[in-house]
1. When the helices in the chain are scored as -39500 (n - 2.57) per DSSP H run of 4 or longer and the sum is shared across all residues, what 222 nm value do you end up with, to the nearest 500 deg cm²/dmol?
2. Please get the size of the charge dipole for region 410-473, origin at its Cα centre, with Cβ charges of +1 on Lys and Arg and -1 on Asp and Glu, quoted in debye to the nearest 20.
3. Please determine, in degrees from 0 to 90 and to the nearest 10, the orientation of helix 401-414 with respect to the longest principal axis defined by the Cα atoms of the chain, where the helix direction is its Cα long axis.
4. Round to the nearest 10 and give me the degree value, 0 to 90, for the angle of helix 431-446's Cα axis relative to the longest principal axis of the chain.
5. Taking a quarter of the surface of the convex hull around the Cα atoms of region 363-474, what do you get in nm²?
6. For Asn25, project a label point 7 Å along Cα to C-beta. Then give me every residue of region 42-68 with its amide nitrogen under 16 Å of that point.
7. Which trypsin sites (Lys or Arg not before Pro) in region 82-184 pass both tests, a DSSP loop state and at most 15 other beta-carbon atoms within 10 Å?
8. By average Cβ neighbour count within 10 Å, what is the ranking of 11-22, 421-432, 33-44, 325-336 from highest down?
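Please treat every number below as a calculation from the coordinates, not as lab data. Worth saying up front: this structure is predicted, and the values here are computed from it rather than measured. Heads up, the Cβs are rebuilt from the backbone with ideal geometry, glycines too, and the neighbour counts pull from every protein chain shown.
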Amino acid sequence: MSDPILVVEGISKGFPGVQALKGVNLEVRAGEVLVLVGENGAGKSTLMKILSGIYAKDEGTITFEGREVELTSPLQAQHLGITIIHQELNMMPDLTVAQNIYVGREPRTGPFLSERRLNEQAAELLKRLGIDLDAKRRVGDLTVAEQQMVEIAKALSFNAKVLIMDEPTSALTDAEVETLFQLIEQLKAKGTGIVYISHRMDELRRLADRVTVLRDGAYIGSLDKAEIDIAKVIEMMVGRHVDESTRPAVKDFSAAPVVLDVEGLSTKSLLSDVSFELRRGEILGFAGLMGAGRTETARAVIGADHRDGGTIRIAGRNARIRQPEDAVKHGVGYLSEDRKLLGLMLDQDVTFNTVLASLSSYTNALGWMGDRRAKNQTKQYVQQLRVKTPSVNQVVKLLSGGNQQKVVIARWLMRDCDILIFDEPTRGIDIGAKEEIYRLMQQLADAGKSIIVISSELPEILRVANRIVVFANGRIKGTLRNEEATQEKIMHLAAHGEENR
Ligand SMILES: Nc1ncnc2c1ncn2[C@@H]1O[C@H](COP(=O)(O)OP(=O)(O)OP(=O)(O)O)[C@@H](O)[C@H]1O
Ligand SMILES: [Mg+2]
């Protein structure tokens, strides 16, 4: 077994009202992937921010290549050889890809900055990493996934000895995830130690040489590859047993009224002849690979994208939906997969952000009203979804990434829509809270709402959906009732379209 490059012992860190870390230990060895797991708010990002020189620790020691070090700034940590790719992207949108990668380190000819050499250098780096992107493009024009690839390229340009990736795949497509995993293999072979934070057990299974578990800021333990057992890891994370394999109760919806009837939907870019029905009280799952047409269907239905054909009937009547506001008027709500568009007001508190979308029921002609009621209802969701926050008055930007997302989910669960479309609702959310979200969805459905869940995680689809619609290449390839569906059957349908491309 190789020597540890980085040894962390007894690290503690407090924020006002929160003890984020309590005596945590961690070890990173050369050429290994250490997967760091724990529920939302467990302290993962805080620990990594300490290791990358962003936060100062309160207590504990950090030993790097055999010497005790003080990490005082991100630049110093990077020069030592510790680099981080953050959970939240922080690129400068008006600069080019090349400028973002080498900001502050631009190649110079004498006193002058050489734009040409900068672009060449960046192009070479991207090529070496197998990232297909033009170095001269403006970062603000890139997709979230492309921006993430730029972050990764930037981190790797520092020749890191320890590379920290904080939930790197949350915005990547399947193909890009594959590219990332290949990069990780290359780096391992070169002896780089990698710390990889993820909520996805499939990634843990695939990548982990070792796993370290945090819970509530405390170090719970580490397991070597041979000892890794997912059920055990989950139990260490959550502190109790979680059964992931349950299915919804078998129900017959044939007598329930059709609330949404989509027929022959098509768009220029992708969709062709997409037809499906959603019944009252039903949860319908949309499965398929990235780009198969699931999100596109949702966007076309709510009028976010232009439809080139097809009809939409809501509660039996033709609905004229030209833009998302029309959809809301018809009682259709869409929770977007793009977290950047979710419009959290980061400087406002948890209560404000939770009730924002349901504002009309808390305001009267005089403006803001019912503060107590808003707080009480927010408290209930905070408890149910286990949002880790000192109080409902905490400013949202101080919550961990996953807890910010829980606030968004709470907001949508609270919204009074008859039809709710959730696009990748639990991405970045820990396993315990996922279960709560599924339970709340089921409650909404039992109360007569109808729900569409778009998800790339098959266990999630099988866990919640009464029926599963499988997409490939912009078409529906098949529909399965939950009781007849298996992961294999869904995958077969989803891949079938791929072969015919
Ligand atoms: N700057 C800050 N000020 C106050 N509290 C903070 C700050 N940064 C983090 N916290 C709190 O510290 C705790 C740990 O947060 P951290 O971001 O490390 O969690 P995490 O394990 O990365 O969670 P996630 O899986 O949701 O990303 C949380 O309760 C969070 O609200
Ligand atoms: Mg985090």
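1. Counting only the DSSP helices, I get -9500 deg cm²/dmol.
2. Charge dipole, region 410-473, about its Cα centre: 80 debye, nearest 20.
3. For helix 401-414, the angle is close to 10 degrees.
4. 10
5. 9.0
6. 60-63
7. Qualifying residues, ordered by number: Arg105, Lys136, Arg137.
8. Top of the packing list down: 33-44, 421-432, 325-336, 11-22.
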